[in-house]
1. Taking a point 7 angstrom from the Cα of residue 302 along the C-beta vector, which residues in the stretch 214-242 have backbone N less than 15 Å away?
2. In whole angstrom, note down how far apart the Cα centers of the stretch 239-308 and the stretch 81-107 are.
3. Mind checking which aspartates and glutamates have their C-alpha under 12 Å from residue 317, skipping anything on the same chain fewer than 8 residues away?
4. To two decimal places, what compactness ratio does the stretch 82-314 give when its Cα radius of gyration is scaled by 2.2 N^0.38 Å?
5. Starting from the Cα of residue 313, step 7 Å along the direction of its Cβ; do the same at residue 290; then give the gap between the two resulting points in nm.
Amino acid sequence: MFKSRPARSLAASNLASGEYLQVAGFERREVARSGASTSDRVFKSRPARSLAASNLASNAHRAFDASFYTRRRRRRTMGTLDNTTALITGASSGIGEATAHALAERGANVALVARRREALEAVAKKLESEYDAAAIVVDGDVRERSTSEAAVEAVVDRFGGLDIVVANAGVGRGSDVETMTDEEYFTMQETNVDGTFFLTRAALPHLKERAGTLVVVGSFAGEFPRSFNPVYAATKWWARGFAHGVAAQVGDEGVAVSVVNPSEVRTEFGSEDGDPFEERFEPGTVTEPSEVAEAIAFAATREGSSAQEIDLYRRDKFAESF
Ligand SMILES: NC(=O)c1ccc[n+]([C@@H]2O[C@H](COP(=O)([O-])OP(=O)(O)OC[C@H]3O[C@@H](n4cnc5c(N)ncnc54)[C@H](OP(=O)(O)O)[C@@H]3O)[C@@H](O)[C@H]2O)c1
């Protein structure tokens, strides 16, 4: 599958070389650039152990050394995100844009990732004027591993670390399996699945350093079998399964992982196959992006978060289906 992919886009290859990276931010607050604290080093230097020993040891570790809570508490107090940095993919519209507002409003520095550079710059300007936020813009395609790697590197260079990652970029194409084209299939698979993996892989070492939070945007479609677009649904089942597995893998190193599952949200979603959802649904009939963003902000501001999964379904969702 990888071999048959088209050559990387010009934007993506330029991004990899750093040409298109743009800092559109403004100094608002002191950004910690210091290296790992003593407690961070304690975490990193834990030796490899057998699974049983590791589980026992990690529980014991939690009992007497809550250093990951301390690391988080240094940056997140009273539900604010002062002195934290968040990276959001799909930040040029919809849920990602609303999330950038919700996190910047709470004090976070933000990195905005998507393909449409002008749209990202417009979002960055709004964040600066409305919240005095520091924002950087990284345009690129999340289907390319270089996009996530360059974005994470840019964030760490600029802000000194990474506390919150929102894997939000995602698309739906077509529906019927029998008539689905290869392009529709690969577009969903590469964006929703590969993109989430590349981002998570690049971000995890930094989230461990900061006892950070990974939020994956799933979907109602990834929780219940339904007839509409099985391939899109499967990418969201994958995203949820991946997120919970990552939680199991790094939860004892202080990293919180949350999945947020909306049903219909009034965004640009669906525009390739007809009217975007923001036009297809009247205000008040389904979820607004700001509500999803508030759920993501809830997960991002928890100390020692146990928000594993947050569902946001329109009120009559089950009345229609069952
Ligand atoms: N709207 C819904 O009803 C709904 C329901 C459940 C879950 N979701 C999920 O919510 C997430 C956000 O969607 P949305 O509703 O906010 O739709 P949206 O307004 O269409 O936003 C999608 C975002 O993803 C970005 N994106 C798409 N392909 C990309 C790529 N290859 N590389 C980089 N960025 C890419 C888009 O930016 P560029 O075009 O600028 O690249 C855009 O910022 C998706 O994962 C979607 O599956 C949506």
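1. 214-218
2. If you average the Cα positions of each part, the centres end up 13 Å apart.
3. Filter leaves 264.
4. That works out to 0.94 for the stretch 82-314.
5. 2.5
Coordinate-derived values only; no laboratory data. Just so we're clear, the structure is a prediction, and the values are computed from it rather than from any experiment. When we count neighbours, we look across all protein chains shown, and the Cβ atoms used for this are built from the backbone with ideal geometry, even at glycine.
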